[in-house]
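Asker: Dumping the structure here so I can ask a few things about it.
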Amino acid sequence: MNKVRLALMMLILLGSIFANKNLMAVTDASGQLENRKLNQIRNQAASNTPVLLGLYAPDYLGDQSKIDSELRQVDQWVGKRHSIAGFFLDIEDSNPAYNIPVPLKQLRQNGYTAFINLKSTRSAAQIARGDVDSSLQKVAKAYADWANGGKDRIAFIAPLQEMNITGEAYSKDPQNFKLAYQRIQKIFKEAGVSSQTIRWVFAPNGWSENNEHRFENYYPGDKFVDVVAFSSYNWGYCSNSSWKHWNSPKEAFEPYIKRMKVMARSKPIFIAQTASTSNTQKGLQKNAKDQWLRDSYTQLSAMGVKAIIYFNINKECDWAINSNTGKSAGYKDAVNNPAFGYLSPAELAKKI
């Protein structure tokens with residue numbers, strides 16, 4: 001009798017295990033189907049959107065006076081609105097509870113969607129194994145508090161940008177970069193950040209010094225990425241450039257766009273950072289920079305990119321559009337191409 005009872009109990013237990021496994025499989029399949037449907041909706045909407053314009057500003061974008069002088073005045077000067085404002089935030093920022101919601105709120109109120117490069121002074125291995133989890137949790141909570149505070153709130157977040165070139169502590173470690181990228185996403189999800197309120201960006205440099213560090217080797221996979229993007233600059237004959245060469249728009253963008261279309265066929269492509277110097281082989285030539293801008297924006301709109309974010313900061317070179325001899329007529333001409341248009345933060349949340 002005991003043997004019969006024991007056999008019945010075993011059958012019930014096994015049935016429960018198989019039922020749970022089947023339920024988990026159904027749930028997982030349902031989640032994957034939902035993600036596919038969401039991506040299809042976004043892709044269809046994105047195909048009907050204008051090419052978006054963006055700017056990086058040199059100062060803190062939680063300050064209305066800086067937004068006025070470094071974003072809105074540019075909009076007024078060129079006669080066309082920029083949709084995206086880019087800035088950089090360290091994972092170990094001293095006060096993310098202020099430095100995330102304040103600029104995001106200010107930008108949104110002024111009609112801009114934030115593009116945040118989430119940088120770090122730690123190695124990819126340190127981030128991947130959890131050494132900065134406590135800091136990341138603060139960043140994620142601050143973002144969740146802002147994102148969940150109203151309807152249609154989103155930002156683009158690009159973890160560990162330009163990871164495939166020398167220059168950052170986390171550089172040139174493909175395997176740990178992918179683990180770190182996924183860990184960052186996990187912490188944001190655990191903090192209550194909905195996939196509806198964030199667009200995750202894979203943002204390498206287009207160029208790499210060898211095949212080992214081609215951006216494809218760093219790609220976390222379609223499951224973890226909403227937007228693919230890359231940086232590419234025309235360093236020309238800038239004094240800080242180690243390789244003096246006037247990089248044509250075709251050289252600067254075309255090969256990387258083609259590769260990204262193969263790597264991530266279903267994802268929108270952004271130019272995460274770009275700019276040109278006016279330093280030519282014959283010295284400073286404003287007209288050369290102006291023409292580079294006209295040609296670049298024409299080419300990029302024709303190649304199907306969805307956004308271009310200009311690095312309007314004089315850092316290593318004279319990148320800013322108002323460098324040297326005044327505002328760039330070439331930039332004004334470039335962005336007035338009818339392919340470029342504006343989406344408000346609420347519209348952008350629905351279409352990309």
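Asker: Would it be correct to say that V139 is on the phi < 0 side of the Ramachandran plot, part of a strand (DSSP E or B) and open to solvent by less than 50 Å² (accessible area, probe 1.4 Å)? Don't jump to the end; show me each part of the working.
Answerer: Details: on the phi < 0 side of the Ramachandran plot: yes; part of a strand (DSSP E or B): no; open to solvent by less than 50 Å² (accessible area, probe 1.4 Å): yes.
It is false that V139 is on the phi < 0 side of the Ramachandran plot, part of a strand (DSSP E or B) and open to solvent by less than 50 Å² (accessible area, probe 1.4 Å).
Asker: Follow-up. Of all residues being part of a helix (DSSP H, G or I) and touching a helix residue (DSSP H, G or I) at 6+ places or on another chain (Cβ under 8 Å) in the stretch 44-70, which is farthest from N336 (Cα to Cα)? Just the residue, please.
Answerer: Only one residue fits best here, namely Q64.
Asker: Pick from S248, S231, S278, S266: which is closer than 17 Å to Q161 by Cβ and either modelled with pLDDT of 95 or more or open to solvent by less than 10 Å² (accessible area, probe 1.4 Å) (or both)?
Answerer: Step by step, each of S248, S231, S278, S266 is checked, and only S231 is closer than 17 Å to Q161 by Cβ and either modelled with pLDDT of 95 or more or open to solvent by less than 10 Å² (accessible area, probe 1.4 Å) (or both).
Asker: Follow-up question, since we're still on this one. Do we have T113 as of a type in the set (V, I, T) and farther than 26 Å from L343 by Cα here?
Answerer: Against the criterion (of a type in the set (V, I, T) and farther than 26 Å from L343 by Cα), T113 does not qualify.
Asker: Taking interchain pairs and intrachain pairs at least six residues apart, which have beta carbon atoms under 9 angstrom, with the first residue in the stretch 232-248 and without any contact (Cβ under 8 Å) to a residue 24 or more places away in the chain and farther than 20 Å from Y297 by Cα and the second among the aliphatic types (A, V, I, L, M) and not in a loop (DSSP other than H, G, I, E, B)?
Answerer: Close Cβ pairs (under 9 Å, with a partner that is among the aliphatic types (A, V, I, L, M) and not in a loop (DSSP other than H, G, I, E, B)) do not exist here.
Asker: Does G167 satisfy being under 21 Å from G86 (Cβ atoms) and in a loop (DSSP other than H, G, I, E, B)?
Answerer: Against the criterion (under 21 Å from G86 (Cβ atoms) and in a loop (DSSP other than H, G, I, E, B)), G167 qualifies.
Asker: I would also like to ask the following. When the residues of the stretch 54-70 are narrowed to those that are open to solvent by 10 Å² or more (accessible area, probe 1.4 Å) and hydroxyl-bearing (S, T, Y), which ends up nearest to A334 (Cα to Cα)?
Answerer: Of everything passing the filter in the stretch 54-70, S69 is nearest to A334 (Cα to Cα).
Asker: Given the conditions (1) under 25 Å from N176 (Cα atoms); (2) among the aromatic types (F, W, Y); (3) open to solvent by less than 10 Å² (accessible area, probe 1.4 Å), and given that Y112 satisfies all but one, which numbered condition is not satisfied?
Answerer: (1)
Asker: Let me ask another. When the residues of the stretch 83-109 are filtered to those that are hydroxyl-bearing (S, T, Y) and farther than 17 Å from A272 by Cα, which remaining residue is surrounded by the most Cβ atoms within 10 Å (Cβ to Cβ)?
Answerer: Of everything passing the filter in the stretch 83-109, Y98 is surrounded by the most Cβ atoms within 10 Å (Cβ to Cβ).
Asker: Output the residues belonging to the stretch 206-218 that are in a loop (DSSP other than H, G, I, E, B) and open to solvent by 30 Å² or more (accessible area, probe 1.4 Å).
Answerer: W207, E209, N210, R214
The values are calculated or read from the model by the stated rules, or taken from the named source; none is laboratory data. Since the structure is predicted, the reported quantities are computational estimates derived from the model, not experimental observations. FYI the Cβ positions are ideal-geometry reconstructions off the backbone, even for glycines, and counts take in every protein chain you see. Heads up: the accessible areas ignore ligands, DNA and RNA and are worked out on the full protein's heavy atoms, side chains in. Shrake-Rupley method; radii C 1.70, N 1.55, O 1.52, S 1.80 Å.
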